[in-house]
Amino acid sequence: MGQTTFDDDELLSEATDETRATVEERLAAARAELPTADAVWETDADNVLGALNGLSAALDTDDAAESLRQAKKEYLLGQQAGVFDEDDELGAELESVADLLTTLQTAHEQVGELTSTVPQLRSGLQEAHASADAGGSDDGDSAEADEAEA
């Protein structure tokens, strides 16, 4: 059986390695949970509403956001403990993924707004055209009657 050491420097080095590994694992999980470019770009939908619903589902980032949140918490704790340097590239990677997540979340909100607006717009246009068609046929009948009288 090996001898366990409780040397502060050795324990700190071990904790530093574990903290960095945890942040890297959670950051990798956040990246893996981001939607793929194809999921956001391609669609098999038959209409605009189907495309918007598919895009909305593709832009769901809840799991990625939670993984990134956990990674940032570990990173901040490690930063306070002096595990990471000021110019540590892991911090820059976290910020890069955070910026991408913010963009995805903004797009998700915009798609959500369009998803509710497009059906209303369609109904309004259908009503407008139905009214125009109904009004147009009355005017046509009236014009024909005027010509018949003349």
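Taking 22 Å as R0, compute the FRET efficiency from the Cβ-Cβ separation of D17 and A37 and round it to 0.05.
0.05
Rounding to the nearest 10 and keeping the result within 0 to 90°, find how far the Cα-based axis of helix 62-80 lies from the longest principal axis of the chain.
30
For a quick check: sort D46, D88, D63 by the number of other beta carbons within 10 angstrom, fewest at the front.
Fewest-to-most ranking of D46, D88, D63: D46, D63, D88.
How far, in nm, would the chain grow between L76 and L100 when pulled straight, counting 0.36 nm per residue and subtracting the alpha carbon separation?
Full extension from L76 to L100 adds 6.7 nm.
Rounded to the nearest 0.05, what FRET efficiency do Q110 and T5 have when you use their Cβ-Cβ distance and R0 = 41 Å?
The calculated FRET efficiency here is 0.15.
In degrees between 0 and 90, to the nearest 10, how far off the longest principal axis of the chain does helix 89-149 point, with axes built from Cα atoms?
Relative to the chain, helix 89-149 is tipped by roughly 10 degrees.
Relative contact order (percent) for the chain, with alpha-carbon contacts under 8 angstrom and 6 or more residues of separation?
27
Quick check on the exposure proxy: order T61, T43, T103, T36 from fewest to most C-beta atoms within 10 angstrom.
Ranked by crowding around the Cβ, least crowded first: T36, T103, T43, T61.
Bear in mind that the values in this text are calculations on the coordinates, not laboratory data. Remember, it's a predicted structure, so these values are computed and weren't measured experimentally. Here the Cβ is made from the backbone with ideal geometry for all residues, glycine too, and neighbour counts use every protein chain on show.
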